[in-house]
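Below is one structure; the comments refer to it alone.
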Amino acid sequence: MHKTRSAVMESVRSALARPIELEVMLSKAGQKDRTNVEKHLAALETVAGDATHGQLWKRLARAMGTLAPLAITTVGQQNVQFFIADGKYRMQVFAIEDQLDGKLVVYIPDVLDQALKLKLLLPAGRQEIEFIADPENAGGSQTLGYPIAAARGQTLRIERLDAANTPNPAPHYKNMLGWNRKALRIVLPVTASATQVEMIETLASLAARAWEQKQPAAHA
């Protein structure tokens, strides 16, 4: 197990060793999407008034733009979608939601079981259960705090989403559900520790490893 976990972490470090520059990522986007991101970044400076918030957003956007290199799409100024190639089409694999309310919400494919098996995260205890009202889905939802194995006392707040428990997904992540697809919704405070941010990058990289392994080998 230790050897496997080490191999995974080495793969993660390699995948994000040279994250895409934000300017390069935006250069591939359409004019409307580029403008939405630029306006959001301006709002981070003037409304949020906290450099840490903007730095966190940029770091996560660059990481996801590296792992999912197709042109981003925005839903309003608060939500960014990330895509990979899927044959002649494209498939959404990540999303970042930022309502300028002191937290970022990150959506990635459901790799929780793998993260638990590798002991990157530990199982959530009863004391870590939190009920969150969700206006888009009747009855609300549960989010669990999963301890980060390498950092005692630190957790990630994660909710598992699928077509059954999320019948009315919002536009910025609905394409990540259905057709047997499942996703994780991770709520990250803008004051998150480096360890928490690194764990999100690790989970995203785990997802990227999965779809890279499914791609057919290139012809010589």
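Against the condition of a type outside the set (S, T, N, Q), crowded, with 21+ Cβ neighbours inside 10 Å and within 19 Å of LEU177 (Cβ to Cβ), how does ALA68 come out, does it pass? It would help to see each step written out before you state the result.
Details: of a type outside the set (S, T, N, Q): yes; crowded, with 21+ Cβ neighbours inside 10 Å: yes; within 19 Å of LEU177 (Cβ to Cβ): yes.
Yes.
What pairs can you find where one residue is in the stretch 176-191 and without any contact (Cβ under 8 Å) to a residue 40 or more places away in the chain, the other is among the charged types (D, E, K, R) and in a loop (DSSP other than H, G, I, E, B), and their Cβ atoms are less than 8 Å apart, with a gap of 6+ or different chains?
LEU177/ASP162
Scan the stretch 192-213 for residues that are surrounded by 14 or more Cβ atoms within 10 Å (Cβ to Cβ) and acidic (Asp, Glu) and jot them down.
Result: GLU198, GLU201.
Quick test for you: out of VAL75, VAL105, VAL8, VAL80, pick the one residue that is within 17 Å of the chain's Cα centre (by Cα) and closer than 29 Å to ALA149 by Cα. Give the steps one after another, and end with the answer.
On the way: VAL75 fails: closer than 29 Å to ALA149 by Cα; VAL8 fails: within 17 Å of the chain's Cα centre (by Cα); VAL80 fails: closer than 29 Å to ALA149 by Cα.
Only one candidate passes the filter, namely VAL105.
Going by the conditions given, is GLN92 buried (at least 16 other Cβ atoms within 10 Å of the Cβ), at pLDDT below 95 and either more than 17 Å from the chain's Cα centre (by Cα) or at negative phi (or both)? Before you say what the answer is, go through the steps one by one.
Working: buried (at least 16 other Cβ atoms within 10 Å of the Cβ): yes; at pLDDT below 95: no; either more than 17 Å from the chain's Cα centre (by Cα) or at negative phi (or both): yes.
Considered against the rule, which asks whether it is buried (at least 16 other Cβ atoms within 10 Å of the Cβ), at pLDDT below 95 and either more than 17 Å from the chain's Cα centre (by Cα) or at negative phi (or both), GLN92 comes out as no.
Would you confirm, using the coordinates I've provided, whether THR52 is β-branched (Val, Ile, Thr), touching a helix residue (DSSP H, G or I) at 6+ places or on another chain (Cβ under 8 Å), part of a helix (DSSP H, G or I) and within 24 Å of THR195 (Cα to Cα)?
Details: β-branched (Val, Ile, Thr): yes; touching a helix residue (DSSP H, G or I) at 6+ places or on another chain (Cβ under 8 Å): no; part of a helix (DSSP H, G or I): yes; within 24 Å of THR195 (Cα to Cα): yes.
So THR52 does not fit the description; no.
Determine the pairs where a residue that is closer than 18 Å to ILE72 by Cβ, located within the stretch 1-23, has a partner that is modelled with pLDDT of 85 or more and in a loop (DSSP other than H, G, I, E, B) with Cβ atoms under 8 Å apart, the partner being 6 or more residues away or on another chain.
ILE20/PRO69
I need the full set of residues from the stretch 163-191 which are of a type in the set (A, V, I, L, M, F, W, C), assigned to a loop (DSSP other than H, G, I, E, B) and buried (at least 19 other Cβ atoms within 10 Å of the Cβ), in order please.
Residues of the stretch 163-191 that are of a type in the set (A, V, I, L, M, F, W, C), as a first pass: 163-164, 170, 176-177, 179, 183-184, 186-188, 190.
Applying the additional criterion that residues be assigned to a loop (DSSP other than H, G, I, E, B) yields 163-164, 170, 177, 179, 190.
Once the filter is applied, which keeps residues that are of a type in the set (A, V, I, L, M, F, W, C), assigned to a loop (DSSP other than H, G, I, E, B) and buried (at least 19 other Cβ atoms within 10 Å of the Cβ), the stretch 163-191 yields LEU177, VAL190.
Give just the number: which of (1) assigned to a helix (DSSP H, G or I); (2) at pLDDT below 95; (3) of a type outside the set (Ser, Thr, Tyr) does VAL197 not satisfy?
(2)
Take the conditions modelled with pLDDT of 95 or more and in contact with a helix residue (DSSP H, G or I) (Cβ under 8 Å, 6 or more places away or on another chain) and apply them to LEU44. Does it pass? Can you show your working first?
Working: modelled with pLDDT of 95 or more: no; in contact with a helix residue (DSSP H, G or I) (Cβ under 8 Å, 6 or more places away or on another chain): yes.
No.
Starting from residues that are in contact with a Ser or Thr (Cβ under 7 Å, 6 or more places away or on another chain) and not in a strand (DSSP E or B), keep the ones in the stretch 75-121 and report whichever is farthest from LEU44 (Cα to Cα).
Result: LEU118.
Within the stretch 14-30, identify whether any single residue is modelled with pLDDT under 95, of a type outside the set (A, V, I, L, M) and exposed (fewer than 13 other Cβ atoms within 10 Å of the Cβ), and answer yes or no.
yes
From the list THR66, THR74, exactly one residue is modelled with pLDDT of 95 or more and more than 19 Å from VAL197 (Cα to Cα). Which is it?
Numbers: THR66 fails: more than 19 Å from VAL197 (Cα to Cα).
From the options THR66, THR74, the qualifying one is THR74.
The values are calculated or read from the model by the stated rules, or taken from the named source; none is laboratory data. The structure presented is a predicted model; accordingly, all values stated were derived computationally and were not measured. Backbone-built Cβ (ideal geometry, glycine too); neighbour counts: all protein chains shown.
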